[in-house]
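The values are calculated or read from the model by the stated rules, or taken from the named source; none is laboratory data. It should be emphasised that the depicted structure is a prediction, and the values quoted were computed from it without experimental measurement. Cβ atoms come from the backbone with ideal geometry, glycine included; neighbour counts cover every protein chain shown. For the accessible areas, the whole protein counts, side chains as well, though only heavy atoms, and no ligand, DNA or RNA atoms are used. Shrake-Rupley method; radii C 1.70, N 1.55, O 1.52, S 1.80 Å.
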Amino acid sequence: EGLPEEEIVAYAKDYKPALIVMGTRGKDQKSADLIGSVTAEVIEMTGIPLLAIPERTSFTDFHQVKNISFLTNFSQRDLVSFAAMMEF
């Protein structure tokens, strides 16, 4: 129970995953929204790399992924996250 973004961040603090995977938008989001509010809040609240999967994306093996976008404002934290993402 609780706010989804707070529960996800608390879980991540307890279990320390190497990567968080979420959808870009929830079912109630407008089609004009690029990313959902819960995903955006989790990105802001945790330093763990987060992979946001676009709506209607289908793949069964991570090796099928050919393109990944990394959005940044070039802060130091973003550069650290980018380096971690490249290791994946």
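Scanning segment 64-88 for residues that are within 11 Å of Leu51 (Cβ to Cβ), open to solvent by less than 100 Å² (accessible area, probe 1.4 Å) and part of a loop (DSSP other than H, G, I, E, B) yields Val65, Ile68, Phe70.
Consider Glu55 carefully, then state whether it is under 17 Å from Arg25 (Cα atoms) and in a loop (DSSP other than H, G, I, E, B). Spelling it out, Glu55 is indeed under 17 Å from Arg25 (Cα atoms) and in a loop (DSSP other than H, G, I, E, B). Pairs needed: first member in segment 41-69, under 21 Å from Met86 (Cβ atoms); second member anywhere, open to solvent by 90 Å² or more (accessible area, probe 1.4 Å) and in a helix (DSSP H, G or I); C-beta distance under 7 Å; at least 6 residues apart or different chains. That search, which allows pairs on different chains as well, returns Gly47/Arg77. Within segment 1-21, if we keep just the residues that are of a type in the set (Val, Ile, Thr) and part of a helix (DSSP H, G or I), the residue that is least open to solvent (accessible area, probe 1.4 Å) turns out to be Val9.
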